[in-house]
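The values are calculated or read from the model by the stated rules, or taken from the named source; none is laboratory data. Because the structure is a prediction, the values reported are computed rather than measured. Glycine also receives a Cβ, built like all others from the backbone with ideal geometry; neighbour counts cover every protein chain displayed. Heavy atoms of the whole protein, side chains included, go into the accessibility calculation; ligands, DNA and RNA do not. Shrake-Rupley method; radii C 1.70, N 1.55, O 1.52, S 1.80 Å.
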Amino acid sequence: MAEAALKTQPETTAAERELTDGFHLVIEALKLNGIKTIYNVPGIPVTDLGRMAQAAGIRVVSFRHEQNAGYAAAITGFLTKTPGVCLTVSAPGFLNGLTALAHATTNCFPMILISGSSEREIVDLQQGDYEEMDQLAVAKPLCKAAYRVLHAADIGIGVARAIRAAVSGRPGGVYLDLPAKLFAQVMDAEAGAKSLVKVIDPTPAQIPAADAVKRALDVLKNAKRPLIILGKGAAYAQADDQIRALVEKSGVPFLPMSMAKGLLPDSHPQCAGAARSTVLKDSDVVMMIGARLNWLLSHGKGKTWGEPHSKKFIQIDIEPKEMDSNVEIAAPVVGDIGSCVTALLDGMGGRWVAPPPDWTNAVKSKKDENIAKMAPRLMNNNSPMDYHGALGVLRTIIKERPDAILVNEGANALDLTRGIVDMYQPRKRLDVGTWGVMGIGMGYAIAAAIETGKPVLAIEGDSAFGFSGMESCRSAPSSSTMMASIAAPTSIAAAAPIRRPRFSSRARATTR
């Protein structure tokens with residue numbers, strides 16, 4: 001009887017089983033991989049995705065323009081080594097975010113641009129759908145990788161591939177295309193949970209070859225006038241202690257690129273920032289750590305670098321193709337920066353000989369001379385206020401608050417600030433980077449406040465501020481203070497501090 005009764009009980013139907021959909025699978029895939037913040041401009045077809053993500057505990061910060069949301073995601077990747085996520089609508093919204101995605105790729109910041117898109121069937125036949133565009137094809141040339149997910153069961157693997165591509169090797173931007181139909185797809189909740197993927201070890205150590213390390217140390221050891229250049233790749237690596245130990249053990253003067261300022265304080269006795277022209281021209285061996293010989297370093301050529309072929313270069317980079325990009329690299333060291341610097345330290349042993357005193361003394365003398373020349377200009381109290389007087393005040397503010405983050409862009413405002421305002425801690429100076437584009441200011445500043453909880457000072461050229469200034473009234477759920485100083489061609493006007501208390505994504509910041 002009991003067996004008969006069991007046989008007559010109806011099996012659980014698909015309708016009675018717990019179900020999930022594409023919206024929830026995307027959100028759970030992001031949460032599983034530690035994504036805590038999404039920067040976006042809401043709209044069809046991703047409105048509900050943003051709303052549901054917020055309800056699920058992900059912080060969703062909405063901007064007025066997708067480009068600025070993308071810049072916020074890009075700098076999040078630099079600061080955290082976790083991909084920053086920007087969410088946009090299809091076609092025009094996607095295109096607005098694409099500039100930031102290309103910017104992230106060029107600067108080697110891990111970022112994922114997620115965009116809703118029109119249905120493949122209509123797009124492929126060019127039948128004129130709402131915001132129709134083959135977004136995947138447009139994105140591919142401008143980012144490190146691009147993927148499209150068509151089935152709910154593939155969402156987990158699609159998100160995992162995007163995350164791994166963004167952070168592995170040389171970091172960069174990744175595009176993830178999610179057609180509108182995907183979000184409404186329904187599947188068994190248990191099967192959906194099993195389809196999610198947690199990315200394991202996406203950035204494995206890449207150990208440099210022993211002979212490459214030895215070759216580099218031999219070149220450095222024989223130098224008469226050595227120089228170390230620290231790039232933003234060195235700052236991104238977060239191998240701060242190892243880099244400092246290498247610089248100090250070597251005794252070599254170092255020159256920080258703009259976003260590497262603060263890896264060692266600009267006040268460090270070996271810092272040659274105030275003697276930049278001298279050390280670039282007169283050095284005979286240059287070791288680059290996370291720096292590239294692009295336009296920011298005159299491609300390693302020309303008058304900036306003194307006599308042609310007068311230098312040997314040592315380059316530490318995770319990307320083998322970067323070597324010999326402009327000039328011959330005598331000692332390429334390929335691997336992640338932390339592993340490479342550690343290997344160099346080990347290879348130096350306990351009796352490394354410091355550079356000749358005539359070189360280090362010459363660098364110090366030039367640096368002291370230039371600092372002395374600049375000092376009176378930074379102390380002036382001219383009316384109207386000029387660049388040097390204003391930046392002298394802001395220089396003091398950063399010295400008193402070395403944990404504050406400085407965002408900087410513009411033309412003169414960028415060049416002068418970079419040279420005048422000293423930094424004391426790593427990853428505290430954020431600027432336009434490799435492309436030199438304007439418009440990163442408020443996106444960077446809002447994300448920096450959110451991701452770090454530190455006070456943020458944005459020094460903006462007047463034109464640069466015009467690209468993103470309206471974003472300063474957008475929400476930033478942080479207790480930090482953000483102040484924008486707007487530098488006009490003939491004077492500088494300091495905007496009022498913007499107090500950013502904790503509030504919802506729909507609220508507005510108060511200004512006082």
(request) Please state which one of ASP211, ASP188, ASP218 is open to solvent by 60 Å² or more (accessible area, probe 1.4 Å), among the charged types (D, E, K, R) and out of contact with any helix residue (DSSP H, G or I) (no Cβ under 9 Å at 6 or more places or on another chain). (result) ASP211
(message) If I filter region 220-238 for residues that are touching a Cys at 6+ places or on another chain (Cβ under 9 Å), more than 24 Å from LEU264 (Cβ to Cβ) and at pLDDT 95 or above, do I get at least one hit?
(response) no
(request) Pick out, from region 353-466, the strands (runs of 3 or more DSSP E) lying fully within it that include 1 or more residues that are open to solvent by less than 10 Å² (accessible area, probe 1.4 Å), touching a residue at least 12 places away in the same chain (Cβ under 8 Å) and within 25 Å of HIS299 (Cα to Cα). (result) 405-409, 429-431
(message) I'd like the full set of residues that are open to solvent by 10 Å² or more (accessible area, probe 1.4 Å) and touching a residue at least 40 places away in the same chain (Cβ under 8 Å), limited to region 168-185.
(response) GLY169, ARG170, PRO171, ALA180, LYS181, ALA184, GLN185
(request) Could you name every one of the helices (runs of 4 or more DSSP H) located completely within region 222-285 that has at least 2 residues being touching a Ser or Thr at 6+ places or on another chain (Cβ under 8 Å) and either open to solvent by 10 Å² or more (accessible area, probe 1.4 Å) or acidic (Asp, Glu) (or both)? (result) 276-282
(message) Looking at PHE78, PHE63, can you tell me which residue is closer than 14 Å to GLY173 by Cα and open to solvent by less than 20 Å² (accessible area, probe 1.4 Å)?
(response) PHE78
(message) With the requirement that a residue be under 20 Å from the mean Cα position of the chain (by Cα) and small (Gly, Ala, Ser), what does region 167-204 give you?
(response) SER168, GLY169, GLY172, GLY173
(message) Tally up the residues in region 303-325 that are in contact with an Asp or Glu (Cβ under 8 Å, 6 or more places away or on another chain) and either closer than 20 Å to ARG276 by Cβ or assigned to a strand (DSSP E or B) (or both), please.
(response) 6
(message) Need the failing condition index for ALA354 against (1) farther than 30 Å from ALA245 by Cβ; (2) in contact with a Gly (Cβ under 7 Å, 6 or more places away or on another chain), just the number.
(response) (1)
(request) Could you check region 110-218 for helices (runs of 4 or more DSSP H) lying wholly inside it with 2 or more residues that are among the charged types (D, E, K, R)? (result) 120-124, 155-167, 189-195
(message) Condition first: within 31 Å of the chain's Cα centre (by Cα) and of a type in the set (Ser, Thr, Tyr). Can you find one or more residues in region 118-135 that meet it?
(response) yes
(request) Mind listing whichever residues of region 300-332 are over 26 Å from ALA209 (Cα atoms), open to solvent by 30 Å² or more (accessible area, probe 1.4 Å) and not polar (S, T, N, Q)? (result) LYS301, GLY302, LYS303, GLU307, PRO308, HIS309
(message) Against the condition closer than 18 Å to SER339 by Cα and hydroxyl-bearing (Ser, Thr, Tyr), how does SER250 come out, does it pass?
(response) yes
(request) Identify, by number, the condition in (1) under 23 Å from PHE109 (Cα atoms); (2) without any contact (Cβ under 8 Å) to a residue 12 or more places away in the chain that ILE318 doesn't meet. (result) (2)
(request) Select from region 391-423 the residues that are under 19 Å from ALA445 (Cβ atoms) and not hydrophobic (A, V, I, L, M, F, W, C) and list them in ascending order. (result) ARG395, ARG401, PRO402, ASP403, ASN408, GLU409, GLY410, THR417, ARG418
